[in-house]
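A short reminder: the numbers here are calculations on the coordinates, not readings from a lab. Values in this document were obtained by computation on a predicted structure and should not be read as measured data. Cβ placement follows ideal geometry from the backbone for every residue including glycine, while neighbour counts extend to all protein chains displayed.
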There are 2 protein chains.
Amino acid sequence: MADAPIKILIADDEPDIIEIISFHLMKAGFDIATARDGSEAIEKAKLFEPDCIILDVMMPKRTGFEVCEYLRSNSQFDKTLIVLLTALNDEASHIKGLELGGDDFVSKPISPKVLISRITALFRRIQSAAGDSKIVTTNGLTINPAQYRTSLNGVQYILAKKEFELLYLLAAQKGRVFLRNEILSQIWGNDVIVGDRTIDVHIRKIRAKLGINCITTVKGVGYKFDY
Amino acid sequence: MADAPIKILIADDEPDIIEIISFHLMKAGFDIATARDGSEAIEKAKLFEPDCIILDVMMPKRTGFEVCEYLRSNSQFDKTLIVLLTALNDEASHIKGLELGGDDFVSKPISPKVLISRITALFRRIQSAAGDSKIVTTNGLTINPAQYRTSLNGVQYILAKKEFELLYLLAAQKGRVFLRNEILSQIWGNDVIVGDRTIDVHIRKIRAKLGINCITTVKGVGYKFDY
DNA sequence: CTGATTATTATCAAATTGTTAACTAAACAA
DNA sequence: TTGTTTAGTTAACAATTTGATAATAATCAG
C-alpha cells in the first residue's frame, strides 16, 4: 500500500544465512533489516515495520513459531507477511507454522532465487487481491493508479482524470516516445475523435500543476516521460 | 462478499493423485472439480470458475506451465489462485512457475495436510489483504463491522445499514479509489439496479452524520476513504 | 528566415457530483 | 392489524469540475 521500497526483516541465528539472503534480497531491490534471535526480531519488527519477515524456526531466546504467534496476536502486524524457514523437512512443523499464521514455509537448504520468487509471488498476489496496480516512482515523483494520487517530494498534487491517465500512461513506460495517435487511442479510445491540440493542453496542465518538466516534447513525433 | 464454499479445480493425469487430493479437500469443506489434462483444465476452469486451481506441471495436451500462462493472460482468472505441483524438486521449474504467475509451488510427494494448510494460508492472507472483517481505526474514528458500530473520538454515531457498509468498504482499504461500479457490485450486488445518485446520497449522509470529510471524491473515477 | 509544429490562454460546452425533498418500502411497537 | 418511524431510492435541480476548441503566441528545424 505504501509507495515506498518493500521492507524485509530477516531473523536467523546463523550469520552465513543472513548474509547470503540479505545480499540477494538487497540486490533484488528490497530494503533489509536483520535480527539474530527471536527477541531481537520482535524489537526490530516494531521499529522497522517491515512488509515481510523471514523467520528461522530454530532460533535462540524465542523460536520462529513463538515470534510468529506473537506477531499474529498484534494487530500492528496484520498486513505483514511471515515466511518461515526450517532445516527440518518435517510435515508437522510445516503445518504448525502455517496454522500459527505464517504465509509461507520454505525448507533449508534455501535457494535465494527460490526465496525471492516466492516472496515476489506473495506480494504480487496480495497487491492484486487489494486491487492495486503498479506504482511508478522516480526522483521523488510518485504516481499511484490505485489511489489516483500523484505526489512530488511528499507533496500531493491533484490531477484531473484525463491528466492523471495521460501522466500514468507515459510514466509507466519511462523514456518511451508515445505518438500522438497512440496517446489518443489509449486515453480516448479508438472511436472518440478529438483534436490534436487537446493533448497539448492536457500536457501543459500536467506540467503546470507539478511544476516540473517531467514530460518531454519530441517534435513532430509525440511525447515521452523523462524524469 | 459472497460466503459461498471455496471452489477448487484439480488437474492431474494420475487418477490416484486426483482421488487422494480431492478426498481430503472435500473433507476440508471445499467444492471440488477435476480435470485430467491441460485442455480439460482450461475448459473446466471457464465453466466451474474456481477460486483456486491445482495444476500438475506434467500433463498431457498442455503442461501445467502452459495452462498457467493461459490463465494469467485471461483477466477472467485474475483473482484465481494457481498452485503448481511437480514431481521434480528442481529449482528452475519452481522459479519458472512462480514467474508465470503461479501463486504457490508444491513438490511431490504431496502431503494432503500440507497442501490444505498452504491453500488455507493463501486464502487467509488474500482475504486480509482485501480488507476482510477487521475493525478499522484511524485518527479516532473506529469502524467495527462485527457490531455495525461507528465511533469518532469516543462518541458513537449510528449509521444505517447501507451507510455503514459503504463506509466500511471504503475504510477497509484506506486510500484506494473505488469505482462507482465496484461500489455497486460490492454493496448492492450485481443483479440489483440502482441509480448513480443513490451512492452520492449515502455518501452525503455519512459525511453529514460524522461531521468530517473522511471520504474524498475523485471526480470521474469514484470515491476513496482518506482520513 | 520561413513554414510547420507546439505552447498558451481564455472560453464555452459537457459531464459529474452535491443537495434537497418527496416518495416507497421495510421494520417495529402498540 | 394499524399507525409510526426509519431506511432506501429516486427525481429534479444547483453547483462544480472537467474537457475540448479556437485563436494567438512562441518555438523549432531546415
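Structure summary
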quantity: For region A:178-197 and region A:73-133, distance of Cα centres in Å; calculated: 44
quantity: Cα-based shape type of the protein assembly as shown, given that a ≥ b ≥ c are square roots of the gyration tensor eigenvalues and the cut on a/c is 1.5; calculated: rounded
quantity: Position residue B:60, label points 7 Å along Cα→Cβ, spacing to each other copy in nm (shortest first, one decimal); calculated: 5.9
quantity: Spin-label model distance (nm) - residue A:31 vs residue A:172, 7 Å beyond Cα toward Cβ; calculated: 2.5
quantity: Spatial extent of region A:78-227: Rg and Dmax, with the Cα atoms as the point set, Å; calculated: 21.8, 66
quantity: Relative contact order [Cα under 8 Å, 6+ residues apart], region A:7-129, whole percent; calculated: 22
quantity: Anisotropy class of region B:53-151 from Cα gyration tensor, a/c 1.5 cut; calculated: prolate
quantity: Relative contact order [Cα under 8 Å, 6+ residues apart], chain B, whole percent; calculated: 12
quantity: Contact order normalised by residue count of region B:23-65, Cα under 8 Å, 6+ apart, percent; calculated: 35
quantity: Distribution of pairwise C-alpha distances over region B:30-111, 10 Å bins, in %; calculated: 19, 57, 23, 1
quantity: Semi-axes of the equivalent ellipsoid for region A:136-225, Cα gyration tensor, largest first, Å; calculated: 21, 14, 12
quantity: Estimated 222 nm signal from helices in the protein assembly as shown, with DSSP H stretches of n ≥ 4 weighted -39500 (n - 2.57), rounded to 500; calculated: -12500 deg cm²/dmol
quantity: Listed residues B:165, B:66, B:99, most fluctuating in chain B (Gaussian network, C-alpha, under 10 Å); calculated: B:99
quantity: Sum of side-chain charges, residue A:44 neighbourhood, beta-carbon under 11 Å (Lys, Arg +1; Asp, Glu -1); calculated: -1
quantity: Listed residue (B:140, B:126, B:156) projecting farthest to the positive dipole end of region B:101-166, Cβ model; calculated: B:126
quantity: Sum of side-chain charges, residue B:148 neighbourhood, beta-carbon under 15 Å (Lys, Arg +1; Asp, Glu -1); calculated: +3
quantity: Integer Hz, Karplus 6.51/-1.76/1.60 couplings in order for region B:49-58, x for Gly and Pro; calculated: 6, x, 7, 8, 10, 9, 10, 6, 5, 8
quantity: Greater than 21 Å apart at Cα, pairs in B:46/B:96; A:44/B:113; B:7/B:46; B:134/B:174; A:161/B:134; B:46/B:113; calculated: B:46/B:96; A:44/B:113; A:161/B:134; B:46/B:113
quantity: Other copies of residue B:151: label-to-label distances in nm, shortest first, labels 7 Å along the beta-carbon direction; calculated: 3.0
quantity: Position residue B:185, label points 7 Å along Cα→Cβ, spacing to each other copy in nm (shortest first, one decimal); calculated: 2.7
quantity: Angle in degrees between helix A:196-210 and the longest Cα principal axis of chain A, rounded to the nearest 10; calculated: 50
quantity: Helix B:161-172 axis, angle to chain B major axis (alpha carbon atoms, nearest 10°); calculated: 60
quantity: Computed lengthening from residue B:212 to residue B:90, 0.36 nm per intervening residue step minus Cα-Cα distance; calculated: 38.3 nm
quantity: Loop-located trypsin sites (Lys or Arg not before Pro) in region A:42-86, at most 11 other Cβ atoms within 10 Å (DSSP); calculated: none
